[in-house]
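What follows is a single structure, written as structure tokens, with notes after it.
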Amino acid sequence: MSHFGREQKSACVFLCLSVIFFFSLDGKCFFPFYYRDGIFHDCVKFKAKHKWCSLNETYQGYWKYCSEDDFAKCVFPFWYRHLIYWECTNDGDAFGKMWCSLTQNYNKHKVWKYCD
């Protein structure tokens with residue numbers, strides 16, 4: 001036997017769905033974020049169908065699937081070896097593909113992505 005009336009059930013359903021959607025759809029990715037023993041500057045894919053991100057600096061169970069707008073953006077200017085780059089470069093890439101750093105100091109953080 002339920003102890004909730006119709007109005008209470010409706011309020012609970014609305015509140016519960018609001019909380020679920022707030023954390024899984026409406027939140028913004030937090031970069032960089034800490035997960036397990038790593039620090040991540042972009043969306044990740046650990047035993048999941050799609051890439052996801054944390055909604056907190058240190059992952060606390062709040063996350064969302066990444067949309068196109070969530071993926072890491074190039075950071076300009078960035079420092080690589082002894083030069084400062086203001087755009088994507090193929091310097092140092094074995095295949096000659098254009099890439100960029102995801103932080104201002106590639107030499108220190110070593111996080112990057114290929115440019116579109």
Lys49 - would you say it is charged (D, E, K, R), part of a loop (DSSP other than H, G, I, E, B) and either at pLDDT 95 or above or not assigned by TED's automatic domain parsing to the domain that holds Lys110 (or both)?
yes
Scan of the stretch 90-116 for residues that are hydroxyl-bearing (Ser, Thr, Tyr) and buried (at least 17 other Cβ atoms within 10 Å of the Cβ), ordered by number:
Ser101, Thr103, Tyr106
Select the strands (runs of 3 or more DSSP E) contained entirely in the stretch 71-116, then report the ones holding at least 1 residues which are at pLDDT 95 or above, farther than 26 Å from Cys53 by Cβ and not basic (Lys, Arg).
83-85
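The values are calculated or read from the model by the stated rules, or taken from the named source; none is laboratory data. Predicted, not measured: the structure shown is a model, and the values here were computed from it. Using ideal geometry, Cβ is built from the backbone for each residue, glycine included, and neighbour counts are taken over all protein chains shown.
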